[in-house]
Amino acid sequence: DRAFAIPHILQQYPETEVILMDDAFQHRSVRPQLSILLSEYKKPFYSDHLLPLGRLREARQGASRSDIVVITKCNEEVNDHQCYNIADKVKNFAGDKPVFFSSIAYGTPIPVGGHSHSLAEDVIMVSGIANTELFEKYVASKFKIIRHFKFSDHHNYSLPELKNIVEFYSQQKKPIIILTTEKDMVKMIDVRFKEVIQGFPWFFLPVSTSFLNHGADFDKLVNHAMEKFRLAHL
């Protein structure tokens, strides 16, 4: 209940300056200071349709409520001409809103739980995300994938599931690590899973967003919205 949670947060933590809501474009009970609409490069909203024919929760014209549009998960081959064409299609529904392009950047695997295991060339992948293509592609470019345990997006792991993974790990006869996503790692550090996480070489792959261009302009728009809100409430 975000309409209740937000004033509760502000009362309990008055030093709060920013509340960032994910998946909130249709959350009409809260009026945001800044709306950033994200749309995947390979699945742009302007080529999609309403449920159940497509994946959209509302008509494409709803993009006009956004303040900024960011095309996410762009591949390395995207060029300026393609960006221009995509931005032009976005504007058919979002109007004259700024359009930015971003990609996913992965970092070096980090141990889960602070163990001292070393990285290995072979990995067992574990993921519970909607689209595993980029994750698999990156891991395959750096490691040899022995097996990928795939779960549905937002999957809530159970102890038997994780025991099954470490049992498969224990059957391997060579150095190997268990590699998961940063999103999934957060669920695995639960105290319920201590016995199957600690003592095993679990790693997660840190992820960040990298703008292809004009990232500084995006920052300026966000900072301007924050400053405008601050001045309005002095």
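The values are calculated or read from the model by the stated rules, or taken from the named source; none is laboratory data. Values in this document were obtained by computation on a predicted structure and should not be read as measured data. For neighbour counting, all protein chains shown are included, and Cβ atoms are generated from backbone atoms with ideal geometry for every residue, glycine included. Protein only, heavy atoms only, side chains kept; ligands, DNA and RNA dropped before computing areas. Shrake-Rupley method; radii C 1.70, N 1.55, O 1.52, S 1.80 Å.
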Does at least one position in the stretch 211-229 carry a residue that is in contact with a Pro (Cβ under 9 Å, 6 or more places away or on another chain) and either farther than 30 Å from residue 32 by Cα or in a loop (DSSP other than H, G, I, E, B) (or both)?
yes
Matching entry among 176, 129 (being closer than 30 Å to residue 43 by Cα and either open to solvent by less than 50 Å² (accessible area, probe 1.4 Å) or touching a residue at least 12 places away in the same chain (Cβ under 8 Å) (or both))
129
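Going through 67, 88, 122 one at a time, which residue ends up being out of contact with any helix residue (DSSP H, G or I) (no Cβ under 9 Å at 6 or more places or on another chain), open to solvent by 30 Å² or more (accessible area, probe 1.4 Å) and among the acidic types (Asp, Glu)?
So the residue among 67, 88, 122 that is out of contact with any helix residue (DSSP H, G or I) (no Cβ under 9 Å at 6 or more places or on another chain), open to solvent by 30 Å² or more (accessible area, probe 1.4 Å) and among the acidic types (Asp, Glu) is 88.
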Can you name every residue in the stretch 111-134 that is assigned to a strand (DSSP E or B) and more than 19 Å from residue 170 (Cβ to Cβ)?
127
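Taking the stretch 208-229 as the search range and keeping residues that are open to solvent by 70 Å² or more (accessible area, probe 1.4 Å) and among the hydrophobic types (A, V, I, L, M, F, W, C), which one is modelled with the highest pLDDT?
Result: 212.
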Being in contact with a strand residue (DSSP E or B) (Cβ under 7 Å, 6 or more places away or on another chain) and either among the small types (Gly, Ala, Ser) or surrounded by 11 or more Cβ atoms within 10 Å (Cβ to Cβ) (or both) narrows it down to one residue among 5, 59; which is it?
59
On the given criteria, is residue 79 modelled with pLDDT under 95, over 17 Å from the mean Cα position of the chain (by Cα) and among the polar types (S, T, N, Q)?
yes
What pairs can you find where one residue is in the stretch 91-110 and part of a helix (DSSP H, G or I), the other is charged (D, E, K, R), and their Cβ atoms are less than 7 Å apart, with a gap of 6+ or different chains?
93/60
Name the single residue that is farthest from residue 37 (Cα to Cα) among those in the stretch 70-79 being of a type outside the set (Val, Ile, Thr) and surrounded by 16 or more Cβ atoms within 10 Å (Cβ to Cβ).
74
For the stretch 193-204, indicate whether the set of residues that are within 25 Å of residue 20 (Cα to Cα) and either modelled with pLDDT under 95 or open to solvent by less than 50 Å² (accessible area, probe 1.4 Å) (or both) is non-empty.
yes
